[in-house]
Structure formats: structure tokens, C-alpha cells
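Working notes, structure below.
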Amino acid sequence: MPSPRHARNPSSRSRRRFLGGIAGASIAPALSPFLMPGTALAQSAKLGTADYGVASIDPLYAMAYVAAKKGYFAQAGLDVRPLNAQSGPRAKQMLAAGQLFAATSGVNDPVSLTIAGKQAVLVAGFDNRIAFANILTTKKLHEGGLKDIRSLAGRSIGVTQPQSATWLMAMYLADRAGIKDKVQVRALGDFSTMLGAVKSGSVDCCTATYSMLNKAKEEGWGVPLFDVTDDASWNSTFGGDVPGVGLYVMQDSIDKRPEAVQALVTGIVKASDFIRQTAPGDIVSLIEEEYLPGYGRQLSIDSVSVFKKIWSGDNLITPQHYARLMDVMGGRQITPQEMKQVPYEKMVNMSFVKRARGLA
């Protein structure tokens, strides 16, 4: 097990490894300089090492950052190395290629991965609402008549990547508003690029995390057309709790390294409990330097304050949650026939969360 020094103070190499993200189709050559110095640490972790891809750099993923920073993964016996995968599609592709042990991105990603023939499994939930289902536009367009999603007919919506979770949210919200065939959906890359595109007028709006909404509001130019924290709007559109992002692994990893999966989930559960009991400012103080570059302190605190309302209190994804997810994906990202290939029992394994919480 890593020493307390390693648990409390991740090295500068670990920080660069996370911030640097992943470049190119194959990451092994790019990562090798950063993996080598960790050999002694890896040997001291009784369950070995695990590269963990997170879809982007955002306070939304604070559970992963807290678990790494507080040393919860190491305490469970696993040397977990967080990486910025830069998007959900890249995270799931790298997981399927064996370049990652685990990933956190939209919960639709392991579903689509499984349909493509690579069996992935959700092992922990992060939230009860899809935090990146917000729709952001400019104050100028809003004052000019762009008041709701229905008024986006004939306009453009920015997303990260085709078939990504942000793409799915754009398609679902447009469909619910009756304008599915009347909007242009444009793939822009990461969150910062999306934010810049809306601000500059390259697109009329984009799906957005709450951090993106806060930044646009802080700069004085952004207005939400759909806000996931509005209970009435959320429930009328989604019908109740729907998991947005989660922790998932390949079924093969569960079969071959169940103890490592358990250690990973245990770390996330401990981080979830810490977050629930800790003030937003203290959470941000813990993780901002190493895991939230580019975010102002107050912006991060405001985002965490909002996310604490929608983050899961128990990390469980229930059959009801999953059924609503299928309602969102069905007919948009997957066909009715494909839905039959991904039942809850095949796609969701909450036994690791239950063991971590003493419920099993």
C-alpha cells in the first residue's frame, strides 16, 4: 500500500499525467514516461495499478478527484492513476482497447459499448440528474427571442462528439420539444471549445455542464434555456431521476480482477460520503490545484454547491433509474431491438457499491 505521503500529496508527475490528457489513437507511448516513476508505488499496492479515464476536467467529476487526493483508492489497496480522457467517446474507446481499467463518462457510453460487442458494466453512479443536459445560449440571442428549446428550430446546437452523452441530450431535448429534425447538431470537441463557440456566435447554443453555465453567467453573456436544477422542467421532461455519469469497467475486468474493481468502487463511495459531509469551499480547496486548472475558485465552489443537490447520496443505480435512461436512449442512440441486448441485469452491477456500504 502506498505510504501516507503518497496518499496525501500526489506527485507533480501525477498531476501532469491527469492534466495532459490523452493524445493520439494509442496512448501507451505518450504515457510511458509518466508510468515509469510509479513502479515502486505500483509494487507496494497489493492489488496493482489501474488507469482511470475521466471524460473531462470539471467539478462534476469531483468524486474521482477526491478519491485520488484523499488516498481512498490507495487505502483500499489499488494504485489508481486518473487521466483526462477529453471526452466520453474517447474514454469508452480506450477502455474497450484495454488502455484503461475503468472510465467515468455518460452512462450511455457503456450501453453503446456493449451493443457494439464489448461488454461493459456500470459499477457505481455519480448523480441522479444529467448535469450536462443544460442548454446554454447568449444573452443577445435570448433577448432577441430565443426563450426556450422550442425556439431553437432552424438553429444550431453544439455538442462534444457524435453519439456522446452531450449529443444524446441535445437530441432528446430537441425531440421532446418537437424540433428534432429542425436543428443542426455540431460536434465541437471539449467543454471549453463548446463554451467559446457559443460565446463567439459560431453556434447558437450548446449542451452545458453547470460549470459552463456559471462561467458564462459570471462573464455576463450566458443564459440557460434549460436548467437541470429546475425541478418542474426536469420532471416534466425526464420523468424523475436519471443517472448522468457513472463508473464503469469491462466485464472481463470484473471476472479477472474483482478485488481491484471493489477497491475502485470503495474509493468512490468514500469520496461520495466525504463530499456529502463537507462544505463546497473545503471540497474545492482539496482538489482545485491539481484537478481543476482553468476554473476560478468561486466558479468551482458555485458548481460544487449545485452538484451537491444532484450527486447521488448512495451511488446506486436502480432499475427505475436505468429504465428512464433507456427511455432517453431508445429511438435516438439505440433501436428497440438493441435495447433488448442491454437489460439492467446485464448492464448494472451494484454489488460492489453494496459491499462498500455494508449492504451486501
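Scanning region 63-87 for residues that are part of a helix (DSSP H, G or I) and open to solvent by 10 Å² or more (accessible area, probe 1.4 Å), we see that the one that is farthest from Asp252 (Cα to Cα) is Lys69.
Scan region 261-307 for residues that are out of contact with any helix residue (DSSP H, G or I) (no Cβ under 7 Å at 6 or more places or on another chain) and of a type in the set (A, V, I, L, M) and the total you get is 1. The selection criterion, being open to solvent by less than 10 Å² (accessible area, probe 1.4 Å) and not aromatic (Phe, Trp, Tyr), holds for Ser105.
Residues that are free of Cβ contacts under 8 Å to residues at least 24 places away in the same chain and farther than 30 Å from Val261 by Cβ were ranked within region 117-150; the one that is surrounded by the fewest Cβ atoms within 10 Å (Cβ to Cβ) is Gly145. For region 201-248, the tally of residues that are assigned to a loop (DSSP other than H, G, I, E, B), under 14 Å from Gly158 (Cα atoms) and either open to solvent by 10 Å² or more (accessible area, probe 1.4 Å) or among the hydroxyl-bearing types (Ser, Thr, Tyr) (or both) stands at 4. So which residues in region 307-348 are open to solvent by less than 20 Å² (accessible area, probe 1.4 Å), in contact (Cβ under 8 Å) with a residue 60 or more places away in the chain and assigned to a helix (DSSP H, G or I)? Within region 307-348, Phe307, Ile310, Tyr322, Leu325, Val328, Met329, Met347 qualify.
The values are calculated or read from the model by the stated rules, or taken from the named source; none is laboratory data. From a predicted model like this one, the values you see are computed outputs, not experimental measurements. Here the Cβ is made from the backbone with ideal geometry for all residues, glycine too, and neighbour counts use every protein chain on show. The accessibility values were calculated without ligands, DNA or RNA, using every heavy atom of the protein model including side chains. Shrake-Rupley method; radii C 1.70, N 1.55, O 1.52, S 1.80 Å.
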